[in-house]
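This is the structure I want to talk about, given as structure tokens.
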Amino acid sequence: KNNPDEIEKNSRGVITIPLVVHVVHCTSKPAQNVPDNLIQEQITVLNRDYAGLNPHSMGAFPASMKANTEIQFCLAKRDPKGKATTGIERRAITDVTVVFGKDNQMKHYSTRGLDQWDSKKYMNIWICDLVTGLMGYAGLPTSPLSADYGLVIDYDVIASRYGGVGTHELGHNFNLYHPWGPNKDNLNCTDSDLCNDTPNQAKQTSGVPSGVRTDACTKTSPGIMWMNFQDYTNADGMANFTPDQKKRMLALFE
């Protein structure tokens, strides 16, 4: 209570996180070199979603379940050496066509990628060509943060303006599980995402549902929260983070 730094930290409003975007592209496929304006458009979507301003419906759930996380994002203005930056760096691969998987090779210069900037000071996002069927991926935070911590998005997700992927995957970076918990599914209904206000859920949702959807884990209205950003609903159906998900995210910054 007598520490001014602690008082300042606890009274802070919105947390703004500087982003560095690493674009790894093949010169033989110009579309992979996504332009700055589409990257900024993705950041605008992230800021909308994390502010609780996504326009999609909450269905049978109350509007109070659409939380403002008080987390926002901006492109970094200074690089790790203190020099001015746009927050976007690019690497052109000229000799071969490279398609990346989930082995984190795009995160290291030695494996045709770009190295992470200090993860205690920046959120790192890599944009590259991912294997068919993989739109993006991210891992939960560790202590200390690993050299692979950050978000990977397929270039076509950005080019196609498919905004929900980044919102979902950053949720994992901020310690959120899927609504069915940490495993592939929750068919026995014993797993949890550790957030009390997300109804227990058996497995992922696909497409864009409507109305009340129930399953073996939540059998009554309002049903499962299929519009939650951490489900697999299509981007044009995703709508919210809950207040408990917000608490779980903000706990990382305490």
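Out of (1) touching a residue at least 40 places away in the same chain (Cβ under 8 Å); (2) open to solvent by 30 Å² or more (accessible area, probe 1.4 Å); (3) on the phi > 0 side of the Ramachandran plot; (4) not β-branched (V, I, T), the odd one out for S57 is which?
(3)
Which ones in region 223-236 are assigned to a loop (DSSP other than H, G, I, E, B) and either of a type in the set (F, W, Y) or buried (at least 19 other Cβ atoms within 10 Å of the Cβ) (or both)?
I224, M225, W226, M227, F229, Q230, D231, Y232, T233, A235
Restricting the search to region 133-150, which residues are more than 17 Å from A251 (Cα to Cα), hydroxyl-bearing (S, T, Y) and more than 10 Å from the chain's Cα centre (by Cα)?
S146, Y149
Just to be sure before I move on: is T220 crowded, with 20+ Cβ neighbours inside 10 Å and assigned to a loop (DSSP other than H, G, I, E, B) in the structure I sent?
no
Output the number of residues of region 55-90 satisfying the condition of being of a type in the set (S, T, N, Q), assigned to a loop (DSSP other than H, G, I, E, B) and touching a strand residue (DSSP E or B) at 6+ places or on another chain (Cβ under 7 Å). If you could, list the steps in order and put the result at the bottom.
The initial filter retains those residues of region 55-90 that are of a type in the set (S, T, N, Q), namely 57, 64, 68-69, 72, 85-86.
Narrowing further to those that are assigned to a loop (DSSP other than H, G, I, E, B): 57, 68-69, 85-86.
Imposing the further condition that a residue be touching a strand residue (DSSP E or B) at 6+ places or on another chain (Cβ under 7 Å) reduces the set to 85-86.
Number of matching residues: 2.
With the requirement that a residue be open to solvent by less than 40 Å² (accessible area, probe 1.4 Å), over 25 Å from T16 (Cα atoms) and small (G, A, S), what does region 78-119 give you?
G101, G113
For region 91-102, state whether one or more residues are among the hydrophobic types (A, V, I, L, M, F, W, C), within 30 Å of D197 (Cα to Cα), in contact (Cβ under 8 Å) with a residue 24 or more places away in the chain and not in a loop (DSSP other than H, G, I, E, B).
no
Looking at V152, V157, which one is without any contact (Cβ under 8 Å) to a residue 24 or more places away in the chain and touching a strand residue (DSSP E or B) at 6+ places or on another chain (Cβ under 9 Å)?
Details: V152 fails: without any contact (Cβ under 8 Å) to a residue 24 or more places away in the chain.
On inspection, the qualifying residue turns out to be V157.
The values are calculated or read from the model by the stated rules, or taken from the named source; none is laboratory data. The structure presented is a predicted model; accordingly, all values stated were derived computationally and were not measured. Positions of Cβ are backbone-derived with ideal geometry, glycine not excepted, and every protein chain shown enters the neighbour counts. Note: accessible area is taken over every heavy atom of the protein model, side chains too, but ligands, DNA and RNA are not part of it. Shrake-Rupley method; radii C 1.70, N 1.55, O 1.52, S 1.80 Å.
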